[in-house]
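To start, the structure itself, in structure tokens.
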Amino acid sequence: MGIGTFYQQFPDKSDLMRFLMDDEHQYRVSTFDALAAKPDGDLASEVSRVLAGSDPALLRAMIEGCETDGRLRDFGRDLRKETHERLVAALARARESRRIRHPALDAKTASWAMLLMGDAAIDPALSDDVRKVIDTLAFAGSDDMEPARA
């Protein structure tokens, strides 16, 4: 692609970043939509992998871009709401297929917590810890939980 064509498609950095953010968003929601089709798989690993982003450096750039650009922040907020809604639906389907009758957290709360965990887990060294937390947030039932000690 020629440089002129590139700039015609993306007149400024904000337009390019919105395109990349939407592409990452589509990757996430399509994966979340397919979660219930994998009832025997390690869903926590799949969710944590998706939340880590297809490219951690790009994810960091997106977060930083939203911090400095109001239009990107608004665009990202709208994408985040849809991601949350799709993850809530995926959790509900996955819990139903796994017959989790009394989850420790409702799907909405678990989804928000998992999205925040994904934001915090840009460091690949933390991926196993994030997977464990996501597994507890999303798929532990109240019968599985032991009281936590402070």
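The values are calculated or read from the model by the stated rules, or taken from the named source; none is laboratory data. Everything quoted here is computed from the prediction, not taken from an experiment. All Cβ positions, even for glycine, are placed from backbone atoms using ideal geometry, and neighbour counts span all protein chains on display.
Summary table below
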quantity	calculated
Boolean, Arg77 is closer than 23 Å to Asp33 by Cβ and part of a loop (DSSP other than H, G, I, E, B)	no
Any hit, segment 47-60, residues being free of Cβ contacts under 8 Å to residues at least 24 places away in the same chain and among the polar types (S, T, N, Q)	no
Residue within segment 54-69 that is in a loop (DSSP other than H, G, I, E, B) and among the aliphatic types (A, V, I, L, M) present	no
Pairs with Cβ under 7 Å, 6+ apart, first in segment 84-97 and in contact (Cβ under 8 Å) with a residue 12 or more places away in the chain, second in a helix (DSSP H, G or I) and of a type in the set (Val, Ile, Thr)	Arg86/Val29
Scope segment 57-71; condition over 16 Å from Asp15 (Cβ atoms) and of a type in the set (D, E, K, R); matching residues	Arg60, Glu64, Glu67
Criterion violated by Ala57 - all others in (1) modelled with pLDDT under 85; (2) out of contact with any Asp or Glu (no Cβ under 7 Å at 6 or more places or on another chain); (3) surrounded by fewer than 17 Cβ atoms within 10 Å (Cβ to Cβ); (4) under 23 Å from Ala138 (Cα atoms) satisfied	(4)
Qualifying residue in segment 79-89 (condition: at pLDDT below 85 and either of a type in the set (A, V, I, L, M, F, W, C) or in contact with a Lys or Arg (Cβ under 6 Å, 6 or more places away or on another chain) (or both))	no
Among the residues listed as Asp74, Asp106, the single one being under 14 Å from Asp22 (Cα atoms), at pLDDT 85 or above and among the acidic types (Asp, Glu)	Asp74
Flag for Arg98 being under 17 Å from the mean Cα position of the chain (by Cα), surrounded by 14 or more Cβ atoms within 10 Å (Cβ to Cβ), over 30 Å from Leu16 (Cα atoms) and of a type in the set (D, E, K, R)	no
